[in-house]
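Working notes, structure below.
Every read-out reported here was derived from the displayed coordinates using simple, explicitly stated rules and does not represent laboratory data. For clarity, every value in this text was computed on a predicted model and none was experimentally measured. Here Cβ is always computed from backbone atoms with ideal geometry, including for glycine, and neighbour counts include all displayed protein chains.
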Amino acid sequence: MNIASFLTARRGKSRWDWTDYFTFSWLGFGLIIMFGPAVWLTLSSFKSPAQLSEFPPTVLPYVAQTVEVEVRGQKKQLPLYEVKLDTGEIKVLAELRRIGIISKLVDPADPETTYKVNIKQRTPVREIGLATENYTKPLKDFNFGQFLYNSVFVTVFATLITLVTNSMAAFALSKYQFRGRNGVLLVVIGTLMIPISVIIVPLYSVISSVGLLNSLWGVILPTVATPTGVFLLRQYMLTIPDELLEAARMDDASEWQIYWRIVLPLTAPALAVLAIFSVVWRWNDFLWPLIVLGRKELFTLQVGLNTFAGELNVQWHFILAMTVASMIPVVIVFVFLQRYITTGIAGSGVK
Amino acid sequence: MGTIRLQNLHKSFDDVTILKDINLDIKDGEFVVFVGPSGCGKSTLLRQISGLDKPSSGNIVIDEKDVTEISAAERGLAMVFQSYALYPHMSVRQNLAFGLENKKMPKAEIDRRIADVAQMLEIEPLLKRRPGQLSGGQRQRVAIGRAIVREPTAFLLDEPLSNLDAELRVSMRAELVALHDRLKSTMIYVTHDQVEAMTMADRIVVMRDGEIIQVATPMELFDQPVNLFVAKFIGAPNMNFLNLAQAAAILAGQQPPVGTVTVGIRPQHLAIADSGLQVTAKIVESLGTETVLHSELDSSTKVLVTFPCHLQIQKGEQLTLNANISDMHFFNAEGLRLEPSIAYLKEQAS
């Protein structure tokens, strides 16, 4: 069924059933709640700073129209306003300056004639436009390209290492019987109960003495062994029939080959889930990178955004733009991997 | 080439003994079937032979080489699992090639073997598909194919037909026997279905509670079961057992061997006669080609009779049944078979 018929599907055939009213209003409400803030964020990120501090706020981003006017020998870009003159006439004039509540305006066609008008009588002439310099400036001037690179580096490598190490642990804990297996599993899951603030200081000493302080690997390595990941993958691997491993053993496969060629491909849906979790955690991680990283060139995006805000007394337009930029990769990864989970792997070889 | 010998095999897990003192000699090219009720240890024994499990004590000798300490892959055997255990994420071709690639076989050799097997089992059109896209019978053939490409010393089959529907089972039975004739390899087959055992085996190993009860050819098992258990297990419907007093009517004055406590008679060997057992018909099953009659001798003894034709019998009808003494089986107080003495047989012959 196509999108249009899906979105307008109703229970009642010709008239609207009460359930239709309820469903649509509930769905619409949910849509506004979920998407509203994200849409607002994105639209606001395209507004200039002046527009951001405007009240009442506008929904869409506007760019003020300007015109070049020669005044007293000097060429200037002056903003255009639609002015209601005392005579009742409405003219489009360029503002020279504003003092208090009186605005001095000139006619662009006739720059020598000035008008003095109360600011209430003028409305800015503007059209919908995107202030794309909100995005380009931080990337060029403020090292945000470097922050972006650092975040991508940390996220990609941390995710890869997480997937490999967690799956190996899960494989051992699910497919091998050994004394103390349950004990190990309990300890691994038990670490979930320890809040990060408790271990931050000792972890810092460890990282410092190993010499990983102030390096991206110091951000990546302590966080790769996740108990959630081990547990998730272990539970999934338990559903892989043991007979597959036995058939592989009869087929001359070494234990490594069983892991790499049989179990890991079959665990792909759970690995995709863990990858999504890992990407989101690592990308949004703030506290640990803040502690480990001292040099500005190494900052990840989140840390960079934070210091950015402190240093330059909250330039909202840059923060908004960079926040949107930092959301995009996560959304892309999620959209890409979600398809992978839902289609799953075809069929099964075991009844 | 494919001889397997089991010497004094024991397997126990914690305090539970699963296999007790198993001794068995399997000749090269033999089709041996392990049969027995659920939980008798036949699958466990198969896994010991395959190398997937280690025995608690005892030896396994393949082709005069002690392989008890050798891992599964190096024993040169191939196993077909009950649930086929095909690798779901690989195509049929990759499933067949997996074991050969692990042995670092040259690609040309792998391709040749796969082509041969695909032709033999008629799975050529399926080579690019995944197991999930195959039917049960096709998957089973791929599982067998995976075993054949390894060119093993012996094949181990763990209830391979139990997941198929009845009709497919009959045709696959014939195919497996034909395959055995063609490959001439030793095959060890585990099943709980005595019909499969009877139709496919060169020799049957009847097991119960971790012990081997009898090893014999199908007809030997049918004609000369070594004890009550084997007598009851082999043959469908089950053999009828009567005590001496009840059997007096059909023995008609002839003396059974000394020590007889139970007399066994198969349903196929009873016939309607003028004198003999007086039974009351309870349930009549008409199968078209034969009729199975469930009758009662007295309130506690049931007698089953199979007639090779269609008979109209009323429920509650009184019938008289008799049988030849040569068709009867005699068991002593311990349930062991008693052979009539030579003198007795001579007397009967005359």
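Brief remarks on what is shown
- Here the stretch A:1-117 is assigned +1 on the Cβ of each Lys and Arg and -1 on the Cβ of each Asp and Glu. Its dipole about the Cα centre then comes out at about 400 debye.
- Here's the picture: charge each Lys and Arg Cβ at +1 and each Asp and Glu Cβ at -1 in the stretch B:1-143, and of B:Leu126, B:Phe34, B:Ile62 the one pushed furthest to the positive end of that dipole is B:Leu126.
- Taking one quarter of the surface of the convex hull spanned by the alpha-carbon atoms of the protein assembly as shown gives a direction-averaged projected area of 55.6 nm².
- Taking amide H as placed 1.01 Å from N in the peptide plane, B:Gln214 has its amide H under 5 Å from the amide H of B:Val206, each at least 5 places away in sequence or on another chain.
- Efficiency of FRET between B:Lys302 and B:Ala248 - r from beta-carbon atoms, R0 22 angstrom, step 0.05: 0.75
- For the peptides B:313-320, B:236-243, residues were scored by their other Cβ atoms within 10 Å and the scores averaged per peptide; the highest-first order is B:236-243, B:313-320.
- Of A:Ile90, A:Ile328, A:Ile220, the one that fluctuates the most in a GNM where chain A has Cα springs shorter than 10 Å: A:Ile90
- Per-residue HN-Hα couplings for the stretch A:243-256 [Karplus 6.51, -1.76, 1.60; θ = phi - 60°; Hz; x = Gly/Pro]: 4, 5, 5, 5, 4, 5, 5, 5, 8, 6, 7, 6, 4, 5
- Peptide B:76-85 has a mean shielding of 5, counted as Cβ atoms of other protein chains within 10 Å of each residue's Cβ.
- Distance (nanometres) between label positions extended 7 Å along Cα→Cβ at A:Arg97 and B:Ser135: 9.3
- Using the rule -39500 (n - 2.57) for each DSSP H run of four or more residues, divided by the residues of chain B, the 222 nm mean residue ellipticity is -8500 deg cm²/dmol.
- Remark: the stretch B:120-134, residue by residue, has Karplus-estimated 3J(HN,Hα) of 4, 9, 6, 10, 4, x, 9, 4, 8, 7, 9, x, x, 9, 9 Hz, where x stands for each Gly or Pro and the curve is 6.51 cos²θ - 1.76 cosθ + 1.60 at θ = phi - 60°.
- Legend: mean number of C-beta atoms from other chains within 10 angstrom of residue C-beta atoms, peptide A:240-246, equals 5.
- Packing order of peptides A:187-196, B:88-97, highest average first: B:88-97, A:187-196 (average count of other Cβ atoms within 10 Å over each peptide's residues).
- Rounded FRET efficiency, nearest 0.05, which uses the C-beta distance separating B:Glu124 from B:Leu287 and R0 of 41 Å: 0.55
- Database remark: amide H of A:Ser103 closer than 5 angstrom to the amide H of A:Val117, A:Asn118, A:Ile119 (H placed geometrically; neighbours at sequence offset of 5 or more, or on other chains; Pro and chain starts carry no H).
- Cα gyration tensor, the stretch B:97-150 - rounded (a/c under 1.5), prolate or oblate: prolate
- Shown is the FRET efficiency for A:Val330 and A:Lys120, computed with R0 = 56 Å from the Cβ-Cβ distance and rounded to the nearest 0.05: 0.80.
- Averaged over the residues of B:90-102, the number of partner chain Cβ atoms lying within 10 Å of the residue Cβ comes to 3.
- Links that overshoot a 20 Å alpha carbon limit, given the list A:Lys76/A:Lys137; B:Lys107/B:Lys128; A:Lys76/A:Lys104: A:Lys76/A:Lys137
- Rounded to whole Hz, the Karplus (6.51, -1.76, 1.60) HN-Hα couplings of the stretch A:289-306, x for glycine and proline: x, 4, 6, 6, 8, x, 7, 5, 5, 9, 4, 7, 4, 5, 5, x, 4, 5
- The stretch B:135-188 versus the stretch A:132-155: alpha-carbon centroid distance in Å: 63
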